[in-house]
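Data first, discussion second: the structure below is written as structure tokens.
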Amino acid sequence: MSDIYGYSERLESAKRRLSRYECSRLLLGFLDHMVALGLSTGRVAKYANHISALMRNVVFDPVKATRSDVERVVAWINSQPYKSSTKGDLRLTVRKLVQYAKFGSCGKKTPLPVEVSWFPVKVDGKDVRVTPESLLTLPGSGAEERQDSNELCNITLCLIYWRH
């Protein structure tokens, strides 16, 4: 199968970045373990790039990680302007990496270390970022509000076309 998204190159690039860290053997071993568990090249590349971002911003040793170390990493993740799905992926990466570092595996039957069992991976909630759609949506759902919204859209489109 062809790699039209360049996942192999992305993975190799991330591995080169990870090989510079003191705990590179662990980090690269984790990626090999993910391949052994049957994850796709794209998914492993995603883990590799997430680990690279984490280690670049909040360096920690997953083998010696204490709860306070993990709290510092999760606090950094939560403070970033990422979408909630990306934050969840980063928290999952931390959980799996520490699980692998402590137990040598991160399969479904491997227990979670206490250092990472306290935080939720996925957090329910809406993203707080402003989107173009939210700017054009008026409060309320009545016919009058929809009419006002439609008129606003029409005026905006007219102005856009008029400028060109």
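The values are calculated or read from the model by the stated rules, or taken from the named source; none is laboratory data. As the structure is a computational prediction, the values presented were derived from the model and not from experiment. Neighbour counts are summed over all protein chains in view; Cβ atoms, including those assigned to glycine, are modelled from backbone coordinates with ideal geometry.
If you scan region 1-33, which residues turn out to be under 16 Å from LEU90 (Cα atoms) and either of a type in the set (Lys, Arg) or touching a Phe, Trp or Tyr at 6+ places or on another chain (Cβ under 6 Å) (or both)? Residue satisfying the conditions is PHE30 alone.
Only one entry of LEU112, LEU90 meets the criterion of being surrounded by fewer than 16 Cβ atoms within 10 Å (Cβ to Cβ), under 28 Å from GLY38 (Cβ atoms) and at pLDDT 95 or above, and that entry is LEU112.
Quick check: anything in region 67-80 hydrophobic (A, V, I, L, M, F, W, C), in a loop (DSSP other than H, G, I, E, B) and surrounded by fewer than 16 Cβ atoms within 10 Å (Cβ to Cβ)? The answer is no; no qualifying residue exists. Go through the residues of region 2-17 one by one and say whether even a single one is of a type in the set (A, V, I, L, M), modelled with pLDDT of 95 or more and under 19 Å from PRO113 (Cα atoms). Within region 2-17, none of the residues are of a type in the set (A, V, I, L, M), modelled with pLDDT of 95 or more and under 19 Å from PRO113 (Cα atoms).
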